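Written out below as structure tokens is the structure these notes cover.
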Amino acid sequence: GPGGRPRDGNRIVNAPAKILAALRASALGVSGTELCQQLGVSRAAVWAHIESLRAAGFEIVASPHRGYQLVKSPDALLADDLTSRLGNVSVIGRKIIVLSETTSTNDEIEKAAHANRDEGLVVFAESQTQGRGRRGRSWSSPAGKGLWFSILLRPQLAPDECTQLTVAAATALVRAIRSVTGVAAEIKWPNDLLVRGKKLAGILTELSAELDHVRYVII
């Protein structure tokens, strides 16, 4: 089924994500011929990718006059779907992995950092069994009840400068939530987001560093 695949620089090259992006860009429909040209594959290959997306829960209809149309997307985290929604990105989100369950997405990013994975990797999990917050607190992460994800960064910062990344993340979240939903969240400095006094999000920043050099940061 659909899953994260490589990118060529900033250009989306995995076929399912490219198909979803094309379908979302044209509510009137996209012909099989257009998709063949965009992907550089045969009509049979396009059909196979469409069937794969349908199997993952996407409702895609086809007609002789309008071609393929995306009617409905599943309420699930799928790497190709997230990639298609983001479009072309420079760093964060250029590679996305979605896991059904893990101890903590921070743990997964830590493994990826030690394996020399590129900056900008984002790992989502539908649920975490050992989600954690600040100062060793546990973080409840039930399936389908929230967004649990971590980001790998390799900033050119001194270790004591990395606190600004938490502030930047909180500010970015507030702006994104307002842009998408119209909801005005407030920052309880520096780590929490509140809506009408209730916690909407928490930000945990972990880093690996030498005295004057940051190896990586996990947000």
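The values are calculated or read from the model by the stated rules, or taken from the named source; none is laboratory data. Nothing here was measured: the structure is a model prediction, and the numbers come from that model. Every residue, glycine as well, gets a Cβ built from its backbone with ideal geometry; the counts of neighbours run over all protein chains shown. Remember, those area values only see protein heavy atoms, side chains included, never the ligands or the DNA or RNA. Shrake-Rupley method; radii C 1.70, N 1.55, O 1.52, S 1.80 Å.
Give, as residue ranges, the helices (runs of 4 or more DSSP H) completely inside region 1-59 that count at least 3 residues that are modelled with pLDDT of 90 or more, touching a Leu at 6+ places or on another chain (Cβ under 7 Å) and among the hydrophobic types (A, V, I, L, M, F, W, C). First the steps, then the outcome.
Numbers: elements: 15-25, 32-39, 43-55.
Where helices (runs of 4 or more DSSP H) fall fully within region 1-59 and carry at least 3 residues being modelled with pLDDT of 90 or more, touching a Leu at 6+ places or on another chain (Cβ under 7 Å) and among the hydrophobic types (A, V, I, L, M, F, W, C), they are 15-25.
What single numbered condition from (1) at pLDDT below 95; (2) outside any helix (DSSP H, G or I); (3) not acidic (Asp, Glu) fails to hold for residue 83?
(2)
Just to be sure I understand, how many residues within region 108-140 are under 16 Å from residue 154 (Cα atoms) and either at pLDDT below 95 or not basic (Lys, Arg) (or both)?
Of region 108-140, the ones under 16 Å from residue 154 (Cα atoms) are 108-123.
Now drop any that are not either at pLDDT below 95 or not basic (Lys, Arg) (or both), which leaves 108-110, 112-116, 118-123.
So the answer is 14.
Can you tell me which residue is most open to solvent (accessible area, probe 1.4 Å) among those in region 144-171 that are of a type in the set (Gly, Ala, Ser) and farther than 23 Å from residue 215 by Cα?
Filtering region 144-171 for residues that are of a type in the set (Gly, Ala, Ser) and farther than 23 Å from residue 215 by Cα, the one most open to solvent (accessible area, probe 1.4 Å) comes out as 144.
Select, from 214, 180, the only residue that is hydrophobic (A, V, I, L, M, F, W, C), surrounded by fewer than 12 Cβ atoms within 10 Å (Cβ to Cβ) and under 27 Å from residue 99 (Cβ atoms).
Working: 214 fails: surrounded by fewer than 12 Cβ atoms within 10 Å (Cβ to Cβ).
Going through 214, 180 in turn, just one is hydrophobic (A, V, I, L, M, F, W, C), surrounded by fewer than 12 Cβ atoms within 10 Å (Cβ to Cβ) and under 27 Å from residue 99 (Cβ atoms): 180.
Can you pull out every residue in region 127-143 that is surrounded by fewer than 19 Cβ atoms within 10 Å (Cβ to Cβ) and in contact (Cβ under 8 Å) with a residue 24 or more places away in the chain? Quick ask: steps written out before the conclusion?
Taking region 127-143 first, the residues surrounded by fewer than 19 Cβ atoms within 10 Å (Cβ to Cβ) are 127, 129-130, 132-140, 142-143.
Selection gives 127, 129, 130, 132, 133, 134, 139, 143.
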